[in-house]
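Heads up, the thing below is written out as structure tokens.
FYI, it's all coordinate maths here, none of it is from the lab. If you're wondering where the values come from, they're calculated on a predicted model, not measured in any experiment. Here the Cβ positions follow ideal geometry from the backbone for every residue, glycine too, while neighbour counts run over all protein chains shown.
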Amino acid sequence: MKKFYMLSLPLAAALFLGGCRGTADAADADSNTLVVLNYGKYLEPSVIEQFEEETGIKIKLEEYESPEEMYTKFTAGSISYDVVCTSDYMVERLISEGEVSPIDFSGFSNYQNLNPDILEASRIFDPENQYSMPYFYGTLGILYNTTMVSQEETQSWNILWDDTYRDSIIMQNSVRDTFVPALRLLGYDINTEDDRELTDALALLIEQKPIVYAYYVDETADEMAAGNAAMALVYSGEAAYAMELNDDLSYSVPKEGSNLWIDSWFIPKRCTHRENAEKFLDFLCREDVAMANFEYVCYASPNQKVVDALDEEVKNDPTIFPPDEILENCTVYKQLGIDTTERYSYLWKTLKSE
Amino acid sequence: MVKKWSERIYLGVIFLFLYLPILVLIGLSFNNSRSRVVWGGFTLKWYASCFTDETITGAFFTTLQITLAAAVISTLIGTLAAIGISAMKRKNRSIMLGATNIPLLNADIVTGISLMLLFVKFMNLGFVTVLIAHITFDIPYVILNVLPKLNQANRSTYEAALDLGASPAYAFYKVTWPEIKPGVFSGFLMAVTMSLDDFSITFFTKGAGVNTLSTMLYTELRKGIRPELYALSTILFLFAFLLLLVMNRRSDKQMTAGSF
Amino acid sequence: MKRKLINLIGITKSYGNNVILDDLNLYIRENEFITLLGPSGCGKTTTLRILGGFETPDKGQVIFDDRDITQLPPNMRDLNTVFQKYALFPHMSIAENIAFGLKIKKKSKAYIEDKIRYALKLVNLEGFEHRSIDSLSGGQQQRIAIARAIVNEPKVLLLDEPLGALDLKLRQEMQYELIRLKNELGITFVYVTHDQEEALTMSDTIVVMNQGYIQQIGTPEMIYNEPVNAFVADFIGDSNIIDGVMIQDKVVEILGTKIPCVDEGFGENTPVDVVIRPEDVEIVAPGEGFMDGVITSVIFKGVHYEIEILANGYEWLADTTQCYTAGTSVGIRVIPFNIQIMNKPESEDEEAAEIDV
Amino acid sequence: MYKLKKQFLAGPYFIWMIGFILLPLAFILYYALTTADGAFTFSNIAAIADPVHVKSIVLSLKLGAICTLVCLVLAYPLCMILSSFRFRHQSFVVFLFILPMWMNFMLRILAWRLLLSNNGIVNSILAAVGIGHIKMLNTQTAVVFGMVYDFLPFMILPIYNSMVRIKPETLEAARDLGAGSFTVLVKIIFPLTLSGIISGVIMVFVPALTSFVISDLLGGGKVLLIGNVIEQEFMQGTNWHLGSGLSVVLMLFVIASMALMNVFDKDGGGTAVW
């Protein structure tokens, strides 16, 4: 029987490991848990520990990479998430699909820490500010290598069509972000649903494709840090990470205007630990917690207390906190109708298959 | 002699091709910089910290559990299935084999999504659903490893054992098992490897808080992969490499002088 | 005497530290049926493989038809091999198998078809052209392997234990077929076997080998009747091999009894091996032979009885047509001419090297 | 009696297969043949005729074919060399080739990006040697390169296995009958390894046809394969119906290519993969 014994060894090992896990799983039955769905690396780990210690609530964190992916998993509906963080337009979509329940902010002790301007901007996707709570915000702009591109050049999206930078331009591998420069250059609204305007933008992007180095969904920061390209269309958060790695990098938002994004928390209708979820959101608004998260993520924080406590240098860093004159030109994504979404998807495929 | 050398060079080039990225990753695990593209000097610190970081060790143990459990269960089911299939009539056999090929030939993403569509109808996504998914795509590898060995195996020896009064189970253990053992073993290792390497299917079938090394890596792509993961991957790889060396030593000992 | 077709000169071959052949010298005459006979590991197959070109000797030369072919690859050699395990091409029909060599030689289609038919007839498998290999029995496969080799009209056919996998009846039939073939084709056969009966039946010449050395070369009769040492005697047929002492010329002492023999020149009181074939042991009434003993077993063998006699502590083997019952007391007699006296080898290595032709 | 019993050993797998292979497939089929409102339609399948989709599937077929051919050309001589070593344990060779998979797939592809990028290791070496810069990353060539890298073992293993099954005396017999090295290769080794080649071709061509991660990571998102289209429909466009429809079409292509290969496989044993 020696051979069967050998075969059973790995199984025993697996079961043993399972036993260790078992304790974690047991918490599942316990009502005192909180299932959190968030972007990858978007929450300082010590914050989780601190929350668990203070409240005795056990957090189960699930991470994702893109809002669409999140939507796929979320709508599949198999996991009952208690609290979710995602991007503006996705929040709007889920609100419109009736998946989101209002949050009772009256019970919050730290809600007033949030910057009213950002709450105001959030009204585009959450008109009453009743479904969502902003977490971080930022812009879409150009990350560029100062040894190859000058700051003035990056004041216009036109630079992304400049043939001298052939094979040195990185675009986003996500449809709406890549359409933003084209739409803004043509003077169209980034939330346009006009088929003709979208087709015009596509023509512009097809014209651009030969000089594009790559459409990256990830890694843009690393590629830029390695000096593999002169400039890239990125979110301000990624830009900050890249600039940390390479001093030659800088970030700017072109004058034609761009996207202002606000990542917000919401509580799904199917939430099973509502009380815990609200406790958690209130906790995130606390100054020390918000500061810890800011230092970990390095995106613009909507928490006024945090901003006030920062050094002037950081506070005025245009990469992290977009200045007002830039914000004026920036728009938050609106959720598009199903037809436009499919249209976008088709245009995107057309661009890629060129 | 020239032929011998050109053969060796060719072998060397192919193996370099296959192992070069691994050398790069091992190099990265000693890189004293968080970035993949900037060399910050030599360090061993990631090896120290990869066992203290709870999220990493958590993902590592989940990976081990799923991989081992899926491999063992699929080896059991798959080996039994192979024996059963080999005893079937030609028509039934080709139907079974046709279905077996489906997970191998379908795009990973389609397999993953179709399983997710199924799971969400009947159960909550979690550890178990990942396990089921892994078993599902592991079984074909086991069957395809065991079946050829069964076909090579001499059927009459099994029947001879029955004739000599052995029970079917005993005859299987004493006669058939030694012949298919290498196939079962390599099926098991293929299953382990495929489970370890899978991303797409795990991603769609996993529940909240269940993270394997692959899915963890994926969420880290945008904001930089933690260097601890290179260290952990290196350890895992070296472990497999040592296993292979030990196996090879054992086979050296069994090597006969060759016939003359 | 026919001319020497093949000459192996000073062939040495070893794998690592394992010496397979040590300075082997052997010639093969035209039209000869020569058999390399010996236990497994004696180097007979290696010798054949060197002839076939599948192995290159470490030292020495292979001369074929006055040409040095030592380094010539197998496909350039004018000889063909019949392999132990047939080695038919599993993906080809029988006709394709047989035609293989001819197609390479770019023979015409008609010629090839003729040859296939002729070869199949020769091996008694007419009409098998389009059958598949799997549908054939072992004996049939072997005959196809022979047919495949002989259509190329090689000067020499090498056969590596071709009958080893066949059952007794088939083996005997095939032996006659091979003899017939050899006579019809008039080519040289080099045959490797460990079966002494096969060797005795078919060969013109037998080469007995052991541990890489040739022990004896001769006609089957010579090898059987006049084995040069105990190894050959033991290997060829059953023998009574008894330790003895040569007292003086024509007198040898075995098992405490002095008996007359015909051999001379061993010196006095020299230890020797005494070999007596079972059929030369005469069973007589007690006291009438040079030694008395008791019959311990009697086995019926068809043509004769095989009888074991315990005498002076030695189990004698005797073949006789007369029936005895176990337990009978008998005498043993051997006429002096049938007693073979051989020098004892001083060591095992010498035993192997003793006769090196 | 025993035979009947033995067949039942496949029972657990049979149930598993229905539950977790065929049933999910039925889900995909259901989605493929319905609209978002649940109405029956063929439009998701017919969508393959759209020029964009035609382009991507043609490109997938093209790159898949090139990748398969390169793998075959690389693997065949390699297997001949390997089989001449005659390892006691064939599985040792198998593991030499699947061992790299113990390093996560995504990490290995990322390592290739590091190697091939503009300022990458390979270009640095080329520059040092004086050959200069070669743009390798984010091209179709890079995608084929990555596919060859990832799938080569699946070509090597079946061919190697069919090669070691050839008895040495079969080759010796051919040489003995006058065949030179080339004739031995064409007339003996090649036909006897054909079923291995076919398995290898299927095992490489099919995943190459359906892959999407490699084209994203090494093609810089500029190479749109049918796999990418499906991925996009599921992950970004969130039109699962279209994604399922295209998956069904892709499966038809896969089945067709397998059937085509099986025509050449006289043994009908193309499943002996390892």
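Observations on the model:
- Estimated vicinal HN-Hα couplings, Hz - the stretch C:190-196 in sequence order (Karplus 6.51, -1.76, 1.60; Gly, Pro = x): 10, 10, 10, 7, 10, 9, 5
- Extending 7 Å from the Cα toward the beta-carbon at both D:Phe8 and D:Leu185 defines two label points whose distance is 5.4 nm.
- Distance in nm between pseudo-label sites at C:Ser14 and B:Thr52 (7 Å out along the Cβ direction from Cα): 6.1
- Residue among C:Leu181, C:Leu255, C:Leu158 with the largest mean-square fluctuation in a Gaussian network model of chain C, springs linking Cα atoms under 10 Å: C:Leu255
- With Cα atoms, 0 to 90° folded angle of helix A:175-185 axis to chain A main axis: 30
- Dividing the summed helix terms, -39500 (n - 2.57) for each DSSP H run of n ≥ 4, by the number of residues in the protein assembly as shown produces a 222 nm estimate of -16000 deg cm²/dmol to the nearest 500.
- Sparse-neighbourhood loop sites, trypsin sites (Lys or Arg not before Pro) in the stretch A:73-147 - DSSP loop, at most 16 other Cβ within 10 angstrom: A:Arg123
- Degrees, to the nearest 10: A:236-245 long Cα axis against longest axis of chain A: 90
- Annotation note: trypsin sites (Lys or Arg not before Pro) in the stretch C:98-138 located in DSSP loop regions with a Cβ neighbour count of at most 14 within 10 Å are C:Lys105, C:Lys106.
- FRET efficiency for the B:Glu179 to D:Phe42 pair, using the beta carbon distance and R₀ = 45 Å, is estimated at 0.35.
- Counting Cβ atoms of other protein chains within 10 Å of each residue's Cβ and taking the mean over peptide A:183-196 gives 0.
- Taken one residue at a time, the phi angles of the stretch A:342-349 give Karplus couplings (6.51, -1.76, 1.60, θ = phi - 60°) of 5, 4, 4, 4, 5, 4, 4, 4 Hz. Gly and Pro are set to x.
- A Förster distance of 25 Å, applied to the separation of the beta-carbon atoms of C:Tyr314 and C:Val284, puts the FRET efficiency at 0.90.
- Sequence-distant residues sharing a close amide H with C:Ile247 (under 5 Å, placed H): C:Val252, C:Glu253, C:Asn269
- Approximating the spin labels as points 7 Å out from Cα along Cα→Cβ, the D:Val58-to-A:Ile211 distance works out to 2.8 nm.
- Take every pair of alpha-carbon atoms less than 8 Å apart whose residues are at least six positions apart; their mean separation over the length of chain B yields a relative contact order of 31 percent.
- Sites C:Asn338 and C:Val303, calculated FRET efficiency, Cβ-Cβ separation with R0 22 Å, nearest 0.05: 0.70
- Sequence-ordered 3J(HN,Hα) estimates for the stretch C:210-222 from the Karplus curve with 6.51, -1.76 and 1.60 and θ = phi - 60° stand at 8, 6, x, 10, 7, 8, 7, 10, x, 6, x, 4, 4 Hz, glycine and proline given as x.
- Counting Cβ atoms of other protein chains within 10 Å of each residue's Cβ and taking the mean over peptide B:213-221 gives 6.
- Antiparallel DSSP beta bridges within the protein assembly as shown, as percent of all bridges there, nearest 5: 70
- C-alpha center-to-center spacing [the stretch C:151-225, the stretch D:221-252] in angstrom: 71
- Cα-based helix-to-principal-axis angle, A:287-297 vs chain A, degrees rounded to 10: 60
- In range of the label at B:Ser6: residues from the stretch D:164-201 whose backbone nitrogen is under 16 Å from the point 7 Å along Cα→Cβ: D:181-183, D:185
- Antiparallel DSSP beta bridges within chain C, percent to nearest 5: 75
- Of the complete DSSP H runs in chain B, those spanning 15 angstrom or more by Cα along the long axis with a mean Kyte-Doolittle score not below 0.0 are B:2-28, B:54-86, B:90-105, B:108-122, B:127-152, B:177-197, B:227-254.
- Chain C: DSSP helices with Cα axial extent of at least 30 Å and average Kyte-Doolittle hydropathy no lower than 1.6: none
- Of all complete DSSP H helices in chain D, those with a Cα span along the helix axis of 24 Å or greater and a mean Kyte-Doolittle hydropathy of -1.0 or more are D:51-85, D:140-164, D:190-210, D:240-264.
- Annotation for the stretch A:66-111: GluC sites (Glu not before Pro) lying in DSSP loop with at most 15 further Cβ atoms inside 10 Å of their Cβ are A:Glu97.
- Take each residue in B:118-127, count the other chain C-beta atoms within 10 Å of its C-beta, and the mean is 5.
- Centre separation in Å (Cα based) which lies between the stretch B:43-79 and the stretch A:278-352: 35
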